[in-house]
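Here is the structure we will look at, set down as structure tokens.
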Amino acid sequence: MKKIIAILFVAVATTGLLWPQSPRAAEERADDVSTFMRAKLEHSKNVLEGLATEDFDLIAKDSQQLTLLSLDSDWQVLQTPEYARLSLAFRKTSQTLTDSAKKKNLDGATLAYVQMTLKCVECHKYVRSVEMTRL
Ligand code: HEC
């Protein structure tokens, strides 16, 4: 009996270490994705600050960061053509935002910011719909 308990103990203890899909590993990955995704929010808040205070450098810097994030492997949460299309559409708006800021075109940058925000919402709607069908 003691032997069985010992074997069970070892089995339980090692699955946590060896099984790559352990809940803890999945949780840590989810945390990483969450941190990565929240960075988008920080950058877009900074862009809004730049628009409100006519700080073109701030707009250009943070919209460029958003473009870079959209190219990162952490961004590729879903491997679907629709997700790729939405990512590309998003990137076009963040690039327009940077271009407008570099040209010191405040109205153009503000418009691009609104268009970019629509892309945030559009992609999140899509991601939620995929998650719903998976449940
Ligand atoms: C092409 C798709 C796409 C675009 C565009 C996009 N996101 Fe996301 N976003 C995601 C995905 C995928 C997640 C993760 C959803 C999940 O956890 O299941 C996410 C999650 C988030 C989260 C939640 C993070 C958390 O877990 O706390 C925030 C905040 C966020 N995004 C902000 C933004 C902002 C701001 C923009 C626009 C500037 C944006 N996103 C554009 C795909 C996108």
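Observations, loosely collected:
Quick grid of which residues meet (1) touching a Leu at 6+ places or on another chain (Cβ under 7 Å); (2) of a type in the set (A, V, I, L, M, F, W, C); (3) touching a residue at least 24 places away in the same chain (Cβ under 8 Å):
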| residue | (1), (2), (3) |
| --- | --- |
| Phe36 | no, yes, yes |
| Gly50 | yes, no, yes |
| Leu71 | no, yes, no |
| His124 | no, no, no |
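- Every test in (1) without any contact (Cβ under 8 Å) to a residue 12 or more places away in the chain; (2) on the phi > 0 side of the Ramachandran plot is passed by Lys104 save one, and that test is (1).
- The residue that is surrounded by the most Cβ atoms within 10 Å (Cβ to Cβ), among those in segment 30-48 that are out of contact with any Asp or Glu (no Cβ under 7 Å at 6 or more places or on another chain) and more than 15 Å from Ser73 (Cα to Cα), is Ser44.
- Residue list for segment 86-101, filter: within 8 Å of the ligand (Cβ to nearest atom) and free of Cβ contacts under 8 Å to residues at least 40 places away in the same chain: Ser87, Ala89, Phe90, Ser94
- Restricting attention to segment 100-135, the residues that are over 22 Å from the mean Cα position of the chain (by Cα) and among the charged types (D, E, K, R) total 4.
- Residues located in segment 32-72, provided they are more than 9 Å from the ligand (Cβ to nearest atom), acidic (Asp, Glu) and not in a loop (DSSP other than H, G, I, E, B): Asp32, Glu49, Asp57, Asp62
- Of all residues in segment 110-120, those satisfying the criterion of being surrounded by 14 or more Cβ atoms within 10 Å (Cβ to Cβ), without any contact (Cβ under 8 Å) to a residue 60 or more places away in the chain and either more than 9 Å from the ligand (Cβ to nearest atom) or not basic (Lys, Arg) (or both) are Thr110, Leu111, Ala112, Gln115.
- Hits in segment 66-78 - residues which are surrounded by fewer than 11 Cβ atoms within 10 Å (Cβ to Cβ) and at pLDDT 95 or above: Leu71, Asp72
- In segment 73-83, the residues that are farther than 12 Å from Met37 by Cβ and near the ligand (Cβ under 8 Å from one of its atoms): Leu78, Tyr83
- Hits in segment 49-65 (condition: surrounded by fewer than 21 Cβ atoms within 10 Å (Cβ to Cβ) and more than 10 Å from Ala109 (Cβ to Cβ)): Glu49, Ala52, Thr53, Asp55, Asp57, Leu58, Lys61, Gln64, Gln65
The values are calculated or read from the model by the stated rules, or taken from the named source; none is laboratory data. This is a predicted model, so every value here is computed, not measured. Don't worry about glycine lacking a Cβ; one is built from the backbone with ideal geometry, like all the others, and counts go over all protein chains shown.
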